[in-house]
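Scroll down for the structure; my scribbles are underneath it.
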Amino acid sequence: MLLVLLSITALWLLLPFFPAFIELRSRRDAEPLPIADRYEEEMQHAPAQFIAALAMTAGQDNATRPVPLDLANLPRPGDPSAKAPYLLEESGAEPLPAGLLFTKEVLAKTALHTGPNSAFEAIYGENDLHLGEGNTVALWLHGEANVWISAGTHLHGSASALQEMVVEKGCTFERLHAANLLFGVEPALKERPLGPETLIPLALENEAGVPDHRLLICRDLTIPAGHVVEGNLVITESLHLERDARIIGDVKAHRSIVLEEGARVEGHVFSEKDVRLGAETQVTGVVVAERRLTLSRGCRVGALGRASTACGRYVDVAAGVQVHGTVWALERGRVTQ
Amino acid sequence: MLTMLVCCAAAVSEAPAPVTSAVGSSVALEPYGLATRPWVTEVEAPPPFWTRFDSRFAWPVDVMVGVLYGIIFMICVYTVRHYWFTFNRLFGRQRNPYIAVDETDWPEVTVLIPCHNEEAVISTILDALLRVDYPASRLRITPVNDRSTDATREIIDHYAVRFPTQILPFHRSDGPPGKAAALKDAFTLVESDLALIFDADYVPGRDLIKRLVAPLLDPEVGAVMGRVVPLNTPRNLLTRLLDMERAGGYQVDQQARMNLDLIPQYGGTVGGVRLSALNSVGGWRPSSLTEDTDLTCRLVAGGWKVAYSNRYECYEEVPETWPVRIRQIKRWARGHTDAALRYVPLLLISRHLRWRERLDGTLLMGIYLMSPLLIIGWLIAIALFYLGEHALHGLVAILAVASYNTLGNFAAFFEIAAAVRLDGHRHRIRLLPLVLVGFLVSLFSTGRAAVSQLRPRKRRRDIVWHKTERFRENGLEAWRNGQIEETTNERDDESTNRGADERMSTSAPFSPRQSTA
């Protein structure tokens, strides 16, 4: 009896070890965790993969080769040919008809102008791309030249252009990238000239008297109008730059950062909460808001030839904003009316 | 041992109170028909043995009970901490503020590779670093060769000749030994404000340098840390267990600390530091066994932040034999405990830290001290049981359950299980019960290391290079083969820059050796 009890107890205790021993022996899941050389979120990742896949199928006569687009007879999602990308070799000057649904990637060899209210899985344009009003792109969009996104378009995933991209009012987006990224149809404002300034001297050293990389300020900080600060700042509360104030250096605030009209930061801007860049403000470096990023009319991020990134969980961009580089909304981005 | 403890605890908690009143027992047991049994009514439990000698012997028991209370409290604190971190990773908001930094004017950066007799691995990391997508004009690679006696110097010099603008080696032949001392000397030659550090057995991916530099654009970040992923996972039981432990440590612990704005730990490799931050807190401390922990404490106490993200991943080689693993963890425990004794007061009084950061820093520093405490707790619990200390039976049960939770079923195991699932593995999680083996080995190793830490300083060994043994068999051979191939290529084509990619394909970091599982 005792033996039986001991056996049952031992079996009971060893029970969790049986799957372990089986896995140890069979090694079904023993490979190292794969590390990606490039992340899927990277702007050029999906278009590059698409082109690489096309290059692999070049010269082969299989079902994954692009099929020439016959607008009069578009394949339905269930058709076997719907598995292949659409190839658009000649689109003509007129936009495509309205309300089309493309369930595979579109490869446009020439300039493409889509009609309103169409939906695409992905578009690769070897020339200019012009998306009509109310379009939806499910995965990605890439233009080798210029891209124009008309009002009310929803861009899921990434949208990139090698040259210029214009995103009109009412569009929503996740990741946008272009050498010159303009929001709204209004032309970008000219750079605001610097007015007379007063320099605020900073003592950049820590409590031990050792030279420090940055000045640590444990309260709210306001840079008065027309004043300039030179040096990196870390503020444990909020930072407020009044009209035409300027910081030459990087800034970080644990709470919000507000730049009023004409203020400028010649460096990077990081906030653990919100960042609001007022009208005609300028940031030459990266802008990171862990919560909400608001870019007001006429503000500018980065510089021509010096690409930068503006990102936040929620990004609101007004018309007239100009960004050189990337705008990344981790949850939702929109071009406000 | 755990099972024994649980059984003991259960036995104590369920043991009947000594029957001292025959009449009372008869009354109570009569309805069950037991009163007629003579052994029930006549047995009288003996008094605790110390009371037979002198009542003054009772005070050690009180001390033991007090210590036990303290240990139980600490175990509960760490258990709550494990749960907090795991739930945060599973259900909380994740914080990766720098992951979206896609483009910027990338600053100059120096990559340092401390190495001591690394002929088996050094060529692989140099090849990998030559392939990264960081602007070449802004990237300097400095292998820090500290008195290697093998072919490390030869290999490094060969690369330096081929890539003179990118690879600037630093050969060290005197001065105090040790990684921290070598880095301290090498840092005097670094011209950029940002420096990344990789151990020689690591294999960085193409975009890793950008990923690690992005957080350092934040003026508050003094150090950045990436995730370490074991590459030789399939080798044997130990490597598979270490893979899961590493997953728990990085995927859950470190990322949760980042999410909760606590203190992610700079780990000394797959990471980087800002030189101005380093200098402002006194630079490297060459006598430190774990220069990473040491630096983390001083940086955060000085008002700097350490940034971490799971996305900054890099392969490493984990120990494949238990003696190597035990040596490694003992070194970590000694260095960590040394840092704890030195810096916990500094963390607690730092005016730059919030209370939760102070608490997290203290718990982080004290983690290796829990092993000896836990062993002491077990011994006290067992001793009290055999001393007949009945007043404790409830607490002993709590200790048993809490210990089991911390070591086994729930807290730490839950953390590892969550990490494995977050990594997307399906079958690996079945190895979870075997993690107990790794825990017990770590427990006794770190316990022993902590005891050795209490020895007088003059009896401790001098600081030396505590290099973890490399298991890559064909590193040097692959490099030599690659060199021959490369010479042939150069003869065919005068291009000198194309060897790197080719060598990457020829120098597979691990040979297809049979698993010893």
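The values are calculated or read from the model by the stated rules, or taken from the named source; none is laboratory data. Values in this document were obtained by computation on a predicted structure and should not be read as measured data. Note that we place each Cβ from the backbone using ideal geometry, even for glycine, and neighbour counts take in every protein chain shown. To get the accessible areas, we keep the full protein, side chains included, count just its heavy atoms, and leave off ligands, DNA and RNA. Shrake-Rupley method; radii C 1.70, N 1.55, O 1.52, S 1.80 Å.
Using a 1.4 angstrom probe and counting only protein chains, how large is the accessible area of A:LEU54 in Å², to 10?
Near enough 30 Å² of accessible area.
Which order do A:HIS113, A:HIS254 take by accessible area at a 1.4 Å probe, largest first?
A:HIS113, A:HIS254
Would you list B:VAL228, A:VAL185 from the most to the least accessible area, probe 1.4 Å?
Reading off the accessible areas and sorting them downward yields A:VAL185, B:VAL228.
Ignoring ligands and nucleic acids, what accessible area does B:ARG354 show with a 1.4 Å probe (Å², nearest 10)?
My reading of the accessible area for B:ARG354 is about 90 Å².
Note the full-extension length gain between A:THR336 and A:GLU266 as 0.36 nm times their separation in residues minus their Cα-Cα distance, in nm to one decimal.
Gain on extension, A:THR336 to A:GLU266, equals 22.6 nm.
Counting only DSSP beta bridges with both residues in region A:198-335, what percent are antiparallel, rounded to the nearest 5?
Just about 5 percent of them are antiparallel.
Using only protein heavy atoms and a 1.4 angstrom probe, determine the accessible area buried between A and B, summed over both sides, in Å² to the nearest 100.
Heavy-atom accessible area buried at this interface is about 5000 Å².
Exactly which trypsin sites (Lys or Arg not before Pro) in region B:255-351 are in a DSSP loop and have at most 12 other Cβ atoms within 10 Å?
When the trypsin sites (Lys or Arg not before Pro) of region B:255-351 are filtered for loop state and at most 12 Cβ neighbours within 10 Å, B:ARG351 remain.
Buried by at least 20 Å² relative to the chain on its own: which residues of region B:100-120 qualify, computing accessible area with a 1.4 Å probe on protein heavy atoms?
Buried by the other chains: B:ALA100, B:VAL101, B:ASP102, B:GLU103, B:THR104, B:ASP105.
Considering only protein heavy atoms, with the full assembly of protein chains and a 1.4 angstrom probe, order B:ILE99, B:ILE398 by accessible area, largest first.
From most accessible down to least: B:ILE398, B:ILE99.
For region B:277-336, what class follows from the C-alpha gyration tensor (a ≥ b ≥ c being the square roots of its eigenvalues): rounded when a/c is under 1.5, otherwise prolate if a/b is larger than b/c, else oblate?
oblate
Averaged over peptide B:326-339, how many Cβ atoms belonging to another chain are found within 10 Å of each residue's Cβ?
Rounded to a whole number, the mean comes out at 0.
In whole percent, how big is the carbon plus sulfur part of the accessible area of region A:198-335, probe 1.4 Å, protein atoms only?
Here carbon and sulfur together make up 47 percent of the probe-accessible area.
Could you state how much accessible area A:LEU330 has, in square angstrom rounded to the nearest 10, with a 1.4 Å probe and all protein chains kept in place?
About 80 Å², ignoring ligands and nucleic acids.
Given the Cα-Cα distance of B:ASP261 and B:TYR69 and 0.36 nm per residue of separation, how much length would full extension add, in nm?
Computed gain between B:ASP261 and B:TYR69 is 66.1 nm.
Step through the residues of region A:126-139 one at a time and calculate ³J(HN,Hα) from phi using the Karplus curve (6.51 cos²θ - 1.76 cosθ + 1.60, θ = phi - 60°), rounding each to whole Hz and writing x for Gly and Pro.
Computed from phi, the couplings for region A:126-139 are 7, 9, 5, 10, 9, 8, x, 5, x, 6, 10, 10, 7, 10 Hz.
Relative contact order of region A:198-335: what whole-number percent is it, with Cα pairs under 8 angstrom and at least 6 residues apart?
13
Treating the beta-carbon of each Lys and Arg as +1 and of each Asp and Glu as -1, no other charges, what is the dipole magnitude of region B:262-402 about its Cα centre, to the nearest 20 debye?
460
Can you list residues whose amide H is under 5 Å from B:GLU119's amide H, if they're 5+ apart or on another chain and H is modeled 1.01 Å from N?
For B:GLU119, the qualifying residues are B:ALA151, B:THR152.
Considering every residue in B:424-435, what mean count of other chain Cβ atoms within 10 Å of its Cβ is obtained?
6
May I ask you to order B:117-126, A:151-160 by the average number of other C-beta atoms within 10 Å around their residues, highest value first?
Result, highest mean first: B:117-126, A:151-160.
Taking every residue in A:15-28, how many Cβ atoms of other protein chains lie within 10 Å of its Cβ, on average?
Mean inter-chain Cβ contacts per residue within 10 Å come to 5.
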